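Following: one structure in structure tokens, then a few remarks.
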Amino acid sequence: MSSLIKVNLTFSGGVELLFNNIKQKIIEIPSTINPPKPTTMKDLILWIKDNLLQERSELFVSGNTVRPGILVLINDTDWELEGELEYEIKDNDEINTVDASNGSMLQGPFSEGFRSLNENSNDAQWLPVIPDRLKLELIKLLEIYYNM
């Protein structure tokens, strides 16, 4: 029997709307969802889809991964640097998912926040769950992208 590991999930940038407006959730999952292999990001994404996702799964997942335009951070690091789907989930990992698709996924708070960012580059209120050091980097990238 596998032990349970605790994972802190954060949904933002519009993704939370797919999860009944839940922005943060601490879950406990088996350390080996598919024994004998340790639980990976691939396993976690499918677990989230099956157990937490409230609506329109096509806006969050594509096949066995997140759809393009969703930024995934593992302990404040881009998941591409951590091995993406093959990353082995560890106890107390923090997994952040952010819609980075310029508001095209959902209407509502994200698109309003994005418009206000274009009007006032100091407004980072629409990124409340991203650590401050990453907010600044994201704002710099957006300013470059939009030639602000």
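In loop segments of region 1-97 as defined by DSSP, the GluC sites (Glu not before Pro) with at most 12 further C-beta atoms inside 10 Å of their C-beta are Glu55.
In region 12-70, the inverse of the mean reciprocal separation of distinct Cα atoms equals 12.2 Å; this is its Kirkwood hydrodynamic radius. Computed over region 23-103, relative contact order equals 31 percent, with contacts defined as Cα pairs under 8 Å that lie 6+ residues apart. The 3J(HN,Hα) values that the Karplus relation (6.51, -1.76, 1.60; θ = phi - 60°) gives for region 38-49 are, in residue order, x, 5, 10, 4, 4, 4, 5, 4, 5, 5, 4, 4 Hz. Gly and Pro appear as x. Distance from the C-alpha centroid of region 62-88 to that of region 1-55: 13 Å, rounded to the whole angstrom.
A short reminder: the numbers here are calculations on the coordinates, not readings from a lab. Every value quoted in this text rests on a predicted model; they were computed, and no experiment measured them. Please note: Cβ atoms are built from the backbone with ideal geometry, for glycine as well, and neighbour counts cover all protein chains shown.
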